[in-house]
1. Which condition number in (1) within 9 Å of chain B (Cβ to nearest Cβ); (2) within 27 Å of the chain's Cα centre (by Cα); (3) of a type in the set (D, E, K, R) is the one that A:D315 fails?
2. Yes or no: segment B:294-303 includes at least one residue that is in a helix (DSSP H, G or I) and either within 14 Å of chain A (Cβ to nearest Cβ) or touching an Asp or Glu at 6+ places or on another chain (Cβ under 8 Å) (or both).
3. In the set A:L6, A:L47, which member is surrounded by 17 or more Cβ atoms within 10 Å (Cβ to Cβ) and part of a strand (DSSP E or B)?
4. I'm told B:A315 meets every condition in (1) touching a strand residue (DSSP E or B) at 6+ places or on another chain (Cβ under 8 Å); (2) at pLDDT 95 or above except one. Can you identify the failing condition by its number?
5. Give me a count of the residues in segment A:188-206 that are touching a Leu at 6+ places or on another chain (Cβ under 8 Å) and not in a loop (DSSP other than H, G, I, E, B).
6. Quick one: would you say A:S200 is under 26 Å from the mean Cα position of the chain (by Cα), under 13 Å from A:L151 (Cα atoms) and among the small types (G, A, S)?
7. Starting from segment A:403-414, keep only residues that are among the aliphatic types (A, V, I, L, M), then list their pairs with residues that are at pLDDT 90 or above and part of a loop (DSSP other than H, G, I, E, B) whose Cβ atoms are within a distance under 6 Å, requiring at least 6 positions of separation or different chains.
8. Checking the condition over 30 Å from A:N184 (Cα atoms) and either buried (at least 16 other Cβ atoms within 10 Å of the Cβ) or in contact with a helix residue (DSSP H, G or I) (Cβ under 7 Å, 6 or more places away or on another chain) (or both), which residue from A:G312, A:G302, A:G297 passes?
Amino acid sequence: MNTPILEMKNITKEFPGVKALDNVSFQVKQGEIHCLVGENGAGKSTLMKVLSGVYPYGSFSGEIFFEGELKKFYGPLSSEQAGIAIIYQELALVPEMTVFENIFLGNEIKSGLVINWNETIQQAADVLKKVGLSVNPSTKVKELGVGKQQLVEIAKALSRNVKLLILDEPTSALNEGDSENLLNLLLGLKHQGVTCILISHKLKEVIKIADTVTVLRDGKTICTLDATNGEVKENLLIKYMVGREINNIYPQRDRKISDEVIMEVKNWSAYNPLVGRDILKDINFKIKKGEIVGFAGLMGSGRTELAKSIYGNPDGFNTKGEIFIKGKKVHFKHTSEALKHGVAYVTEDRKRDGLILIQDVKSNITLTNLKEISKRGIVNVIDEIHVATEYKESLNIKTPSIEQKVMNLSGGNQQKVSVAKNLFIHPDVLILDEPTRGIDVGAKFEIYTIMNALVAKGMSIIMISSELPEVLGMSDRVYVVSSGRITGELSITEATQEKIMELATD
Amino acid sequence: MSFAKDLQKVLRANIREYGMYIALFVIMAIFTITTEGVFMSSRNIVNLLNQTGYIAVLAVGMTLVIIIRHIDLSVGFLAGFLGACAAIMLAFWHWPVYIVLPATLVLGIFAGLLTGTLVAKLGIPSFVASLGGWLIYRGAILLVTMGTGTIIIPDAVFNAIGNGFIPDIPGMEAFLPGIHKFTLLIGLLTIILFVLNTIRNRKKQESYRFEVLPMNMFIMQLVFISVVIGYITWVLAGYRGISWTLVVVLVVVLVYDFIASKTVLGRHIYAVGGNPEAAELSGISVNKIVYVVFGSMGMLSALSGILFASRLQSATTTAGSLFELDAIAAAYVGGVSAAGGVGKVVGSLIGALVMMSLSSGMNLMSIDISLQYIVRGAVLAAAVIFDVATRKQRK
């Protein structure tokens, strides 16, 4: 039990401008369940990608010893051959294939050149028994629920004689029953000698299941705790996870919020027909004129779904509930109607669904509101240039010209274009989803300054953020979202990182 | 010396845009040499333009379809079928031509909207939805011509669309005999308007301190394009002048180019093509754009059918075969990107001219049809390779 199966020594991994991992050392003992916890962006996933070879040997510094041997993994395949299997949050199964095909995908049992299906099905049944999943191996994966799919993934790993099983947030998409099953299965596998690394945000389950807990923060190992003697408590972990000083990177602002409620959402629920479950339940909140309201929570807690379901529901959820704008009940059938009523949404992933990268800065900025600069359907190019130049100057978008293609701009400047196009419809409520994701500190400061200037002019901002310091630094009020529900509302004076974390892991 | 350098610089910077013009020029030059001038003869050029007509209007519509990341395979037989419908209305029902034309166009719009509904509302991939249309319209042509076979169209006005020419100025027969004076006049006016407009645009751009072409390049561009327009006019005037088909094609290209480049609708189409998710979040209804673009494609299919039936003065059972592939090829040769969001209407017209010039020139050289297909295929591949290569270079 005491020999380490895995030792990662002095791992440092840098991305342009960011040190994602800074001299991290990490040790996992043979046959234990080792939990890895930390805030979003603390480096957990990066560390696991280094281990699995997604970031190949040579792209980071440091050494990996697996079963006492120095290993150089050049890709996921080589780590898999060594006996390391990772199960990601987004499952990597082929939905249209059967369970047994998925289990042996890439590891087919062959006699000569052809696949031996009989042997495959039999072995699949064996390994399914090991994970306690009683489905017909010939079922298509898409017909299974998420919980069962996860078990198929584990079965797939077991079929390859895995020695070290890594699970990245396995229970985030599961309901309580399924989570319970999964955790019990992990305990069972432990007794069969499988070592397991579990990344989780749900601290209760960490405490329940872990033998050892390692806390990462800002790309550094903070501590490794022995969890077998019951001394590890939730609040202790939270303290280690968030225990940093908030630097003064948030510009000062006079907070003068009127009592006028600009937007109110009542009893809002949403059902996602694609995954077949409620993703939002009984959400109620109010936004006042001139305030920044933070929506805190962990990734996957449902904040983006909440924002988009309100903003004209482009993903086609089945929604229930009421939205009031300035006291008037509204119903947005399309994003265009939300925009017309003064609700704008800046997406969390500007490259995926925020900007048209192949078009220039000015076309991107004016796209949301071409009506304003056109007459009888014909765009006035001169007006367009004026508008774009205005935003380029007021938001300090650094671009050689407004005719520059957006794909050639830096992340921070792209984000400013993304904000500009939503400002051009002159919204009353601006929803910013992860407004500073993937941009450097300087650009962050500029975005914060812009936000302050906007609320000073009477706009209201909903800021969805996974960065607690940002939530605390910018918000006037904080709602905490967890598993599709609002688990708490905190005024800025009572909000602390610990309190938010507690509500977010509820 | 600096002139050559400037020219090189301008060409290099705009190689993507000028590429197909240069290709067309080179192809025409080669055929002129190999056919000892027959290719550029007035008669051949007029024929070439009339043959290009029914493909060009399809290519214009297809440009928008490909820009929004879809495809429409049904347009060829739809054109053939609607041509047959027009023939039936004229020959059997004896409807007047001024009712037949709009009725056919409206039928086309409905057919296009039907494909659009399958794509937008039901989420069926456009390739499959329009392949279904391809089969259905093919069957439909056979069905409506079953009793009669080829339908001869008796209407002179209808037949003039594909065969007639604009009238000359009356009472000037003595002046420049054998030359179409009205065509010359139109050519001259076009050159004057073009020059004035270009100079005005340049002044406007300069007043906003935009980057403009260096003066010598600008003058060369003006002179070059004026000479090209002048030369084409002279060639056309030497036969029977501007054909009605050419008028139809030019109107379609001008209107569509205007819509694509100057209107809100055009911006929305390019936005949907560039990033449909972002467009939807920017308040644009992607479905609406799909309806509009497929509806317009259907209308242009009807127009193509009218042009073709009129040119043959009849509706045949095989009308429209492979039109869709010619139109798609023309659009790609004309610089439309399969990745969506990029492409110009005028480019597709040039693309159609390139493909038709290849056919026409090789016919004149009596090259076997087998080789013709191979050459056209190679040119299509080369155009797309060129497109991909120049795009990489930009990055």
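1. (1)
2. Here is the first cut: in segment B:294-303, the residues in a helix (DSSP H, G or I) are B:294-303.
After this cut, where a residue has to be either within 14 Å of chain A (Cβ to nearest Cβ) or touching an Asp or Glu at 6+ places or on another chain (Cβ under 8 Å) (or both) as well, the list is B:294, B:297.
Yes, segment B:294-303 contains a residue that is in a helix (DSSP H, G or I) and either within 14 Å of chain A (Cβ to nearest Cβ) or touching an Asp or Glu at 6+ places or on another chain (Cβ under 8 Å) (or both).
3. Checking each option against the conditions leaves just A:L6.
4. Evaluating B:A315 over (1) touching a strand residue (DSSP E or B) at 6+ places or on another chain (Cβ under 8 Å); (2) at pLDDT 95 or above leaves (2) as the failure.
5. Selection size over segment A:188-206: 9.
6. No: the conditions fail for A:S200.
7. A:V406/A:L355; A:V406/A:L357; A:M407/A:L357
8. Numbers: A:G302 fails: over 30 Å from A:N184 (Cα atoms); A:G297 fails: over 30 Å from A:N184 (Cα atoms).
It is A:G312.
The values are calculated or read from the model by the stated rules, or taken from the named source; none is laboratory data. A quick note: this is a predicted structure, and the numbers were derived from the prediction, not measured. Cβ coordinates were reconstructed from backbone atoms using ideal geometry, including for glycine residues, and neighbour counts include every protein chain displayed.
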